[in-house]
Amino acid sequence: MKVTRNDVAYEVVTDGPASHLDFWQRYSSGSWEPETFRIFDAALGPDVTHVDFGAWIGPTALYAAHRAARVYAFEPDPVAFEALTRNLACNPHLAQVEVANVAIALEPGTLRIGVHGEAGDSESSVLRGACGHAWEVPAIRLDDFLRERGVTGRVFVKMDVEGYEYELLPDLLHALEPWDYLLYVATHPGLLSRGVPGTSWSAKLARRRASVMPNLRLMRALYRLPYLAGPDWRPLDPFGALWRIVRHGGSLAPVDAVLVTNRPACWACIAARG
């Protein structure tokens with residue numbers, strides 16, 4: 001099947017496990033995450049390396065391959081990874097894409113990942129590692145990988161890891177300091193409290209604490225960086241975000257994703273394109 005988004009077109013497989021025909025039709029209609037593709041169009045260019053984790057079945061990685069100098073896509077779900085590799089194989093002209101069935105983690109080794117539903121459904125997570133349907137995957141550090149590949153210059157990282165961002169992001173911000181990076185992070189605060197059952201006041205309080213405390217730690221890590229915004233490019237006020245977290249026990253900010261970078265020149269370049 002040929003799918004098109006903006007001026008980018010490529011082929012995907014729509015049979016077999018994790019083919020997601022309905023998704024690809026919605027993708028081509030433009031209704032799936034339009035703000036994400038505005039950010040990709042602004043952030044990517046022939047001088048930019050794109051890192052995508054989790055890449056799922058490839059909607060952002062294959063799009064980025066038409067914009068970036070190089071794409072590295074990581075997907076730990078074996079069913080989704082199979083679909084990702086099949087979709088990439090349909091587009092042999094995209095030789096600048098490298099995919100790997102690994103997880104980005106705090107330390108190299110292995111990581112246990114699980115899913116409540118079916119593998120390949122885009123919702124596998126470290127937070128679900130105790131589920132009945134779980135598996136272990138190789139884990140690597142992103143900075144180790146970038147050094148091994150000799151990556152220099154600007155790096156645009158898309159991070160969508162179903163709740164693991166709360167544990168991984170503070171370390172990742174430190175690890176990426178040698179590079180001029182823009183980091184686009186999807187946040188999943190709702191996943192933090194789903195493991196606390198019950199309707200009692202104590203259960204409700206436990207769910208609030210399970211959601212609020214990781215968000216506070218994450219905001220504290222982000223606060224030291226001067227460039228923090230939502231997907232609409234508007235700066236996020238850390239104090240306002242903290243108040244929202246404490247008051248509502250909700251998400252990191254009034255958006256479900258944040259943009260963060262460490263370099264004024266990188267931010268100026270991206271903002272100009274946006």
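A few notes on this one:
- In this structure, Gly54 qualifies as of a type outside the set (Ser, Thr, Tyr), open to solvent by less than 60 Å² (accessible area, probe 1.4 Å) and either in contact with a Lys or Arg (Cβ under 6 Å, 6 or more places away or on another chain) or under 20 Å from Leu176 (Cα atoms) (or both).
- Sub-8 Å Cβ pairs linking a first residue in the range 103-115 that is of a type in the set (Ser, Thr, Tyr) to a second residue that is open to solvent by 10 Å² or more (accessible area, probe 1.4 Å), at least 6 apart or interchain, are Thr110/Glu136; Thr110/Pro138, ordered by first then second residue.
- Yes/no for Leu173 being within 27 Å of Gly153 (Cβ to Cβ), touching a Lys or Arg at 6+ places or on another chain (Cβ under 9 Å), part of a helix (DSSP H, G or I) and modelled with pLDDT of 75 or more: yes
- Residue match in the range 92-107 (condition: buried (at least 24 other Cβ atoms within 10 Å of the Cβ), assigned to a strand (DSSP E or B) and modelled with pLDDT of 95 or more): no
- Qualifying residue in the range 179-191 (condition: over 17 Å from the mean Cα position of the chain (by Cα), modelled with pLDDT of 85 or more and under 26 Å from Val99 (Cα atoms)): yes
- Residue in the range 21-33 that is over 19 Å from Glu118 (Cβ atoms) and modelled with pLDDT under 90 present: yes
- Of Val102, Val126, Val155, Val79, all but one fail to be farther than 24 Å from Trp32 by Cβ and touching a Pro at 6+ places or on another chain (Cβ under 6 Å); the exception is Val102.
- Matching option when the condition is at pLDDT 90 or above and open to solvent by less than 20 Å² (accessible area, probe 1.4 Å), among Ala83, Ala69, Ala89: Ala83
- Which numbered condition Tyr27 misses (of (1) without any contact (Cβ under 8 Å) to a residue 60 or more places away in the chain; (2) open to solvent by 20 Å² or more (accessible area, probe 1.4 Å)): (2)
The values are calculated or read from the model by the stated rules, or taken from the named source; none is laboratory data. Just so we're clear, the structure is a prediction, and the values are computed from it rather than from any experiment. With ideal geometry, Cβ positions are generated from the backbone for all residues, glycine too; neighbour counts draw on all protein chains shown. Heavy atoms of the whole protein, side chains included, go into the accessibility calculation; ligands, DNA and RNA do not. Shrake-Rupley method; radii C 1.70, N 1.55, O 1.52, S 1.80 Å.
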